[in-house]
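The values are calculated or read from the model by the stated rules, or taken from the named source; none is laboratory data. The structure presented is a predicted model; accordingly, all values stated were derived computationally and were not measured. Quick reminder, even Gly has a Cβ in these numbers, built from the backbone with ideal geometry, and neighbours come from all protein chains shown. In case anyone asks, the SASA skips ligands and DNA or RNA and just uses the protein heavy atoms, side chains included. Shrake-Rupley method; radii C 1.70, N 1.55, O 1.52, S 1.80 Å.
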Amino acid sequence: MAVAERAADLNPAFRTEAFIDGAFVPAASGRTFSAVNPANGKVLAEVAACDAQDVDRAVKAARRAFEDRRWAGLRPLDRKRTLQRFAELIRANREELALTETLNMGKPISDARAIDARAAADCFAYYGECADKVYGEVAPTTLENLALILREAIGVVGAVVPWNFPMIMAAWKVAPALAMGNSVVLKPAEESPLTALRLAELAQEAGIPDGVFNVVPGLGTEAGKALGLHMDVDAIAFTGSTEVGRYFMRYSADSNLKRVYLELGGKTAFVVAHDVSDLDAVAEAVAGGIFFNQGEMCTAASRLLVDNRIRADLVARVAALAPRWMPADPLDPSAPAGAVVSREHQQRILKAIDGGLKEGARLVAGGTAVREDSGGAFVAPTVFDDVAPSSSLAQQEIFGPVLSVIGFDGLDEAVEIANGTVYGLGASVWSADLGAAHKVARRFKAGVVYVNCFDADDITTPFGGVKQSGFGRDKSLHALEKYSDLKTVWTRL
Ligand code: NAP
Ligand code: MG
């Protein structure tokens, strides 16, 4: 198979050392950790395991680069051109980056090409375009004064990201931070360090100066914690679990009160009213909403809330679609789903399924590991009906291909159940009555709401959550606010 052969050829090309001050370097301790292909359990590469020493080196390099203004002091037009060159290089290397992503975290190659590599490039192009379009303000004071409100880069930004969309999550933080003139230290997830290291190399090729973009692969409890506690990091942009998000708040409080932006977990409610006209289309959206990317989506439609009048009908259609999302070899271009990120994560998902059975939910599809002879970590698309809204199946983020179905009587009850978790990231409502649907949309406690659609996406729209799904928004012009500060300059005229 052509794709598999190319994947084998790629192996020696992985970048495995930390990228600090414009050079690949081993961890100061000399330690490494294994990057594993979750589709077969085989080690792809040994990667530098950075700890506090390496983070300190990277932060010092980032600080030097920021203070001598080698990047922040460029004409914004030149920052724009550099970021656009970076975007072009990502596009030119799309095949290699997509294959690396697939090998390292198990998603289907067709998605890695069409979504991950493309969206990462588009994100750098979008924020590059913003670099020379951010203006300050003049305050409406009396004629005796001139008060300028300047928007300035904040300094050294630490970005800590998860493994489900490694390149995209990194791009959502790094691109707006660089566009505003900051220096960045990126800590990719332990499970998926390889594309981040290659991106650093492409950034250098594009002309981003040494020290401006650093990558420190390593464990969360070492490299991540060291970034969070560092006294000279000005902001942390984090995407990951709610549990680790709490740590970053503590790290900030225990160090220099660095600002913290958190994109955390979710338990999206997909609400279907009794009057929807095309149940097949709804079923397709539900299945795609929970099974895409192996369910490893912070906005995965993990709770289907359906009016009891049409529940049996819709559940039967969703269960019938589940096998279409059966995972296959991620390198097979027709694979609808691939491996989950690791054996440990597979076990966590299976444990949640087991918990659901013990809680009395009714399994109507999947429920097991599959492709065990591959040596990889795969889970069958799984559907539970009769899930109690307060059960752990309905409350806890599973981050796998597991759907919980909950019945309701009337949209008031649906809203109450939808809002009845600690999370507030995504929500969706489907109804033939657009007015009723929009009223529900307003009542959802969620950062992103879909009406009669699911997971529509564009770099121009803000993305993020409320409640324990975090705060701060990625994407859109609003993200630039996180990576800049306001300064007021008074002049007596
Ligand atoms: P995670 O365990 O919270 O890890 C996220 C990042 O934090 C990783 O780089 C991780 O390093 C690091 N980390 C872990 N423990 C740490 C600690 N004690 N101190 C400092 N850093 C630490 O999350 P994940 O399992 O990678 O990703 C899944 C989670 O991300 C889900 O909850 C999902 O909902 C969330 N997510 C949210 C969004 C969003 O936009 N809201 C998008 C995607 C994913 P290691 O790799 O060593 O663990
Ligand atoms: Mg982790």
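Details
- Loop-located trypsin sites (Lys or Arg not before Pro) in region 129-204 (DSSP state not H, G, I, E or B) with no more than 13 neighbouring Cβ atoms inside 10 Å: 133.
- Rounded tilt (10° steps) of 166-179 against the dominant C-alpha axis of the chain: 30
- Accessible area of the chain divided out per residue, in Å², using a probe of 1.4 angstrom: 39
- Nearest-0.05 FRET efficiency for residue 485 and residue 68, computed from C-beta distance (R0 22 Å): 0.70
- Of all DSSP-defined beta bridges confined to region 269-458, some 15% are antiparallel rather than parallel.
- Looking at the chain, the DSSP beta bridges with both ends there are about 45 percent antiparallel.
- The mean sequence distance of close C-alpha pairs (under 8 Å, at least 6 residues apart), as a share of the length of the chain, puts its relative contact order at 18 percent.
- Placing 487, 42 in order of accessible area, with the largest value first and a 1.4 Å probe, yields 42, 487.
- Taking only protein heavy atoms and a 1.4 Å probe, the accessible area of the chain is 53% carbon and sulfur.
- In summary, the lysines within cross-link reach of residue 351, defined as a Cα separation below 18 angstrom excluding same-chain residues under 8 places away, comprise 267.
- 19 Å reach of a label modelled at residue 471, 7 Å along Cα-to-Cβ, counting backbone N of region 418-454: 422-426, 445-448
- Of the whole protein surface, residue 180 contributes about 20 Å² of accessible area at a 1.4 Å probe radius.
- Long pairs among 80/258; 80/487; 80/467; 80/187, criterion Cα-Cα beyond 31 Å: 80/467
- Region 269-458: C-alpha pair distances exceeding 29 Å, %: 17
- Above 13 Å, the calculated P(r) of region 366-408 contains 58 percent of its Cα-Cα pairs.
- Across the chain, the longest piece that holds none of the GluC sites (Glu not before Pro) lying in DSSP loops with up to 16 other C-beta atoms within 10 Å covers 145-358.
- Amide N proximity, region 458-493 versus residue 147 label position 7 Å along Cα-to-Cβ, cut-off under 19 Å: 485-493
- Calculated mean residue ellipticity at 222 nm for the chain: -11000 deg cm²/dmol, from DSSP H runs with n ≥ 4 weighted as -39500 (n - 2.57), summed, divided by the residue count and rounded to 500.
- Rg/Rg_ref, the chain, where Rg_ref = 2.2 N^0.38 Å and atoms are Cα: 0.99
- Computed accessible area, residue 313, all protein chains, 1.4 angstrom probe, square angstrom: 70
- Low-density loop cleavage sites - trypsin sites (Lys or Arg not before Pro) in region 66-99, where at most 16 other Cβ are within 10 Å (DSSP): 69, 70
- The heavy atoms of residue 274 offer some 90 square angstrom of accessible surface to a 1.4 angstrom probe.
- Relative contact order [Cα under 8 Å, 6+ residues apart], region 269-458, whole percent: 27
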